[in-house]
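Q: So that we are looking at the same thing, I have put the structure below in structure tokens.
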Amino acid sequence: MNKKIGSLLFIFIAVLVLLSAGSAAFNLYIDWLFFNETGFPGVFSTTLSTKVKTAMAFSAVFLVYYLLNIFAANRIVFPLRNLHIFGDTINPVKTLTVDKPVKLMSFAGGFIIAFFVALFGASKWEEVLLFINRMDVGIKDPVFNRDIGFYFFTLPVINTIKSFATLTVVLTAAATMINYFLRGGVSISEGGVSLHPRVRKHIGVMGIFVFGILALNFYIDAYRLLHSGHALIYGAGYTDINAKLFTLRLLVVLTAITGVFFIVALLKGSNKWILVPASITAIVYAGGMIIYAPLLQKFKVAPNELELEKPYIESNIKFTRFGYDLDRIEVKPFDVEYKLDAEDISKNDATIKNIRLWDNNPLLRTYSQLQQIRTYYKFIDVDNDRYLINGEYKQVMLSPRELSYSDLPSRSWINERLVFTHGNGIAMGPVSSISKEGLPEFIIKDIPPVSSADIKITRPEIYYGEIPNDYVIVKTSAQEFNYPTANENVYSKYDGKGGVELSSYFRRSVFAAKFNTAKIFLSSDITPQSRILFNRNINERISRIAPFLLFDSDPYMVVSDEGKLFWIIDCYTISGNLPYSLPANRNFNYIRNSVKTVIDAYNGDIKFYISDPEDIIVKVYSRAFPELFGPLSEMPDDLRRHIRYPQGMLEVQAGMFASYHMTDPKVFYNKEDLWEVPSYSDKPMEPYNTIMKLPGENKEEYILLIPYTPSKRDNLAAWFTARCDMPEYGKLIVYVFPRDRLVFGPAQINARIDQDAYISQQITLWGQVGSQVIRGSLLIIPIENSLLYVQPIYLAASDKVGLPELRRVVVAYENDVVMEENLELALQRLFYKGREIPVSEEIIAGQIQRSPETLAKDAMRVYEKALQMQRQGDWAGYGEQISELGQILNKMTK
């Protein structure tokens, strides 16, 4: 019987090990092929060796501790007797009968548990690798005087060791006690639990480790105080330092002492040895953490909060600003004036021409209907970028045309894997150009791509993107579909080096097993020269190689000077372990946009470039993976011209800077100058790109911008910008408005648009005739020392397939709000006051002739303003308006 049980256990363990090893080897081989394809075999070997060493270390330590305890338990011989519980026999089999199977199962169980412990250890490879390659930051915390690198790289490993120790001790104790119970070393009856003397001693030895873990936990809790969340600040406050920290340090010592007395109590067989130290430990914990700390907070700190919490507020401000890289933000005054005239508009024609009139969602719907070409193509996002087009610096919107496999007319394996293998080209247009029908104009359109400018696409095929399927096979006997024409389909052959060559039946069988289809092995279309392209999703491609990087949710496509298509993805290094830094969410309180990743849309080649060489985390990863990263200077110039400051990063920084621009503890405590990102129409504003000339600069540049309002108020307080063009890339500036004057915020402008009788009437009328009125994003455009507010108005049919058309543009300046058919006419009404447009300014106005309807609206506007001047007694202003009205009426008679 015992031999059969032993044989079955051996077979079970052997099968488990073989299956696990086979599956692991299978996946490792595929990963090795992938890392060799992408050119990072060193990353694969470093990651694998770290996982293996960590798994072996955790497993070995567990096995040593577990087997020593089981060996000690198995050496004890108990008298032959039945086991009883509360007077009832629960083990009618004599101890001698079950003794050997229990011993064997105890040993075998340790190896099974060790396997899962090894998996736990392998999952901690990143923490271990960071610890091995750790570096000092050069900044120390104010409480323990430890370098911040300790919290980033060392403390997580200590916490993991504590978790591992807890797991090891608990599982071993459970297995040991089951062993003792089944073999008669522990008896449970109505009189209580009876322990054999040698079992009592063994428990005492294991108790040392239990109390050691408790002491380690209190030690770690002391550091966790620096991550305490409070209503006033994040991090340790006065009460934490003067009550809880002392208590935790005392508990470390008391717990260790209690552990010693616990051993003595077990050896003596008397509980009195443990009662006193355990009671003291419990009293100290309750007195310090539960009673004294709240009382100290209520009766001493609360009445003197600012005075006592001031140094901790300073620490919170300092480390939060460091965590989100706010210290490099330059704050400048923006002395807003409303003195714009026609000459200023003419001087800033590059800014005017690059005001974005097309929002992402309406434009995506329009692109989908005008440029999707076939149902199996799909635009999933619209990106914003800038190009030098025919010698002119222009902001553009573009969207890749990817292949949607779920929309294929016939979803056979051959179609999905061999024939329809890639998307094709992009749609690109200026951000502000509108056709007569209210539709976007195109710089690049159609399949194959047709360009109306000096941007040409020579390699339009998109094999790697945001929505590809899991794999395709190229260079097969089957023809690859390239693009449709009016009369026939055009086919092609893949000419790249992406993917893994299916050069043998062994490789074909491996991938057939991976993707759970025998067709890869059996298909006659696949030749030894065929290549399988997998991990085609660009985000998945990054995460397979560098899972420690957090990638941005908005990859964007770039056209190189050679006409090739590349994806650029912003990647972040994050940590949630920075003391005193307020978390942006549950995941992190430290973030850097430290890496720019470039992926070739045709070949799948991937490169990682360090964009923030000062980031300590990317420095450590560079030390661990020296071949993974390259400096940003190595990125090709035609791609480096298109890097941009990520919108997600600016959103996080803007949210933090709204509070942490206040560096004075008193001002911060009183929240005297709290800002917020404004909202209108129940939507928070998002950062937006534009091309403009920053104050004090000589030329226009591509920037990312977001405004601020004072907390719970609607007027503007400041605007936050990130510069995107080299060599100024990454510089952050906040322009602050004077606090003694009103600068309209987006909600106020939005309300004024709603209150304008003519605009409100038109919007209501359009919404009643089966059309959907879509009010676009309200953009605030700084020009000189003034602000323009621009909002596009789109019309679309009410059904789902309605094509959004840009029908009106609302422009607000100072106290005036106008709505016209396009931006040029709106600016003409605001700044030219009915005068003839000079020849140089006709370029801005696009040679647009003003209709009688437009002149009539101008006349009504001027007339109403003249009446307003008359009521106010401003006769000089009244005369100017009457003169302007005469000029308009004169034009209407021509």
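Q: Using a probe of 1.4 angstrom, how much of the accessible area of the chain is carbon and sulfur, in percent?
A: 57
Q: Which entries in 394/445; 353/394; 140/300; 310/666; 53/619 show an alpha-carbon gap greater than 19 Å?
A: Check vs 19 Å cut-off fails for 140/300; 53/619.
Q: How much area per residue is accessible in the range 177-280 when the probe is 1.4 Å and only protein heavy atoms are counted (Å²)?
A: Here the per-residue accessible area is 48 Å².
Q: Quick one: what are the phi-derived ³J(HN,Hα) couplings along the range 688-700, Karplus 6.51/-1.76/1.60 with θ = phi - 60°, whole Hz, x for glycine and proline?
A: 9, 8, 7, 10, 7, 9, 5, x, x, 9, 9, 9, 6
Q: Taking square-rooted eigenvalues a ≥ b ≥ c of the alpha carbon gyration tensor, is the range 566-703 rounded, prolate or oblate, where a/c under 1.5 means rounded and, failing that, a/b exceeding b/c means prolate?
A: oblate
Q: Need one word for the range 438-573: rounded, prolate or oblate. Basis is the Cα gyration tensor (sqrt eigenvalues a ≥ b ≥ c); a/c below 1.5 gives rounded, then a/b vs b/c decides.
A: Cα axes put the range 438-573 in the oblate bin.
Q: Also, I was wondering about something else. For the range 369-383, just list the computed ³J(HN,Hα) in residue order, Karplus coefficients 6.51, -1.76 and 1.60, θ = phi - 60°, integers in Hz, with x standing in for Gly and Pro.
A: After applying 6.51 cos²θ - 1.76 cosθ + 1.60, I find 8, 8, 10, 5, 6, 10, 5, 8, 9, 8, 9, 10, 7, 10, 10 Hz.
Q: I've got another one for you. I'd like the FRET efficiency for residue 275 and residue 242, computed as 1/(1 + (r/R0)^6) with the beta carbon distance as r and R0 of 45 Å, rounded to 0.05.
A: 0.90
Q: Does the range 486-533 come out rounded, prolate or oblate by the C-alpha gyration tensor, with a ≥ b ≥ c the root eigenvalues, rounded set by a/c under 1.5 and, if not, prolate when a/b is larger than b/c and oblate if not?
A: Prolate is the answer for the range 486-533, as a/c is 1.5 or above and a/b outweighs b/c.
Q: Tell me which aspartates and glutamates have Cα within less than 17 Å of residue 683's Cα, excluding those fewer than 8 residues away on the same chain?
A: The reachable aspartates and glutamates, counting only those whose Cα sits under 17 Å from residue 683, are 359, 651, 714, 754.
Q: In nm, what is the difference between 0.36 nm times the number of residues separating residue 361 and residue 525 and their Cα-Cα distance?
A: Value of the extension gain: 54.9 nm.
Q: Also, I was wondering about something else. Taking every Cα atom in the chain, find the radius of gyration and the maximum pairwise distance Dmax, and write them in Å.
A: Every Cα atom of the chain included, Rg and Dmax give 35.6, 122 Å.
Q: Is there a quick way to get the dipole size of the range 744-835? I mean about its Cα centre, with the Cβ of Lys and Arg at +1 and of Asp and Glu at -1; what is the value in debye to the nearest 20?
A: Computed charge dipole of the range 744-835: roughly 80 debye.
Q: Then there's this: What dipole magnitude, in Debye to the nearest 20, does the range 672-719 give about its Cα centre under +1 on Lys/Arg Cβ and -1 on Asp/Glu Cβ?
A: Roughly 100 debye for the range 672-719.
Q: Taking 45 Å as R0, compute the FRET efficiency from the Cβ-Cβ separation of residue 392 and residue 231 and round it to 0.05.
A: 0.25
Q: Note the angle between two axes, namely the Cα long axis of helix 305-323 and the longest principal axis of the Cα atoms of the chain, as a number of degrees from 0 to 90, rounded to the nearest 10.
A: Between helix and principal axis, roughly 80 degrees.
Q: 7 Å from Cα along Cα→Cβ at both residue 220 and residue 503: what's the point-to-point distance in nm?
A: 4.8
Q: Would you kindly state how much longer the chain becomes between residue 711 and residue 515 on full extension, computed as 0.36 nm times their sequence separation minus their alpha carbon distance, in nm to one decimal?
A: Once the chain is fully extended between residue 711 and residue 515, it gains 65.2 nm.
Q: In nm, what is the difference between 0.36 nm times the number of residues separating residue 25 and residue 487 and their Cα-Cα distance?
A: 161.3 nm
Q: Could you give the Stokes-Einstein D for the range 517-636 in µm² per second, using the C-alpha Kirkwood radius, 4 °C, 1.567 mPa s?
A: The estimated diffusion coefficient comes to 79 µm²/s.
Q: Would you work out which of 746, 690, 50 lies farthest towards the positive end of the dipole of the chain, given +1 charges on the beta-carbon of Lys and Arg and -1 on that of Asp and Glu, about the Cα centre?
A: With unit charges placed on the Cβ atoms, the residue in question is 50.
Q: Where does each of 249, 644 land when they are ordered by accessible area, with a 1.4 Å probe and the largest first?
A: Of 249, 644, the descending order of accessible area is 249, 644.
Q: Roughly what would the spin-label model give for residue 679 and residue 166, points 7 Å off Cα along C-beta, in nm?
A: 3.8
Q: What figure in square angstrom, to the nearest 10, would you give for the accessible area of residue 735 with a 1.4 Å probe?
A: Rounded to the nearest 10, the figure is 0 Å².
Q: Using a 1.4 Å probe, how large is the accessible area of residue 407, given in Å² and rounded to the nearest 10?
A: Accessible area of residue 407: about 70 Å².
Q: Right, here's the next one. In nanometres, what is the gap between the two model label sites at residue 140 and residue 77, each 7 Å from Cα along Cα-to-Cβ?
A: 6.2
Q: Also, quick follow-up: Using alpha-carbon pairs under 8 Å, 6+ residues apart, how would you state the relative contact order of the chain in percent?
A: 10
Q: List the GluC sites (Glu not before Pro) in the range 635-709 that DSSP assigns to loop (not H, G, I, E or B) and whose Cβ has at most 11 other Cβ atoms within 10 Å. Which are they?
A: 672, 697
Q: Follow-up. Select from 735, 755, 705 the residue farthest towards the positive end of the dipole of the range 705-766; place +1 on Cβ of Lys and Arg, -1 on Cβ of Asp and Glu, and compute about the Cα centre.
A: The one lying farthest along the dipole's positive direction is 735.
Q: Students often forget the sequence filter, so: which lysines lie under 24 Å Cα-Cα from residue 497 once same-chain residues fewer than 8 apart are removed?
A: Hits, sequence-local ones excluded: 456, 475, 514, 519, 564, 596, 607.
Q: At most 14 other Cβ atoms within 10 Å and a DSSP loop assignment: could you name the GluC sites (Glu not before Pro) in the range 270-350 that fit?
A: 337
Q: Only loop residues by DSSP count here, and only those with at most 16 other Cβ atoms within 10 Å; note down the trypsin sites (Lys or Arg not before Pro) in the range 555-619 that meet that.
A: 586
The values are calculated or read from the model by the stated rules, or taken from the named source; none is laboratory data. All values derive from a computational prediction rather than experimental measurement. Ideal geometry is used to build each Cβ from the backbone, glycine not excepted, and the neighbour counts take in all protein chains shown. SASA here: full protein model, heavy atoms, side chains in, ligands and nucleic acids out. Shrake-Rupley method; radii C 1.70, N 1.55, O 1.52, S 1.80 Å.
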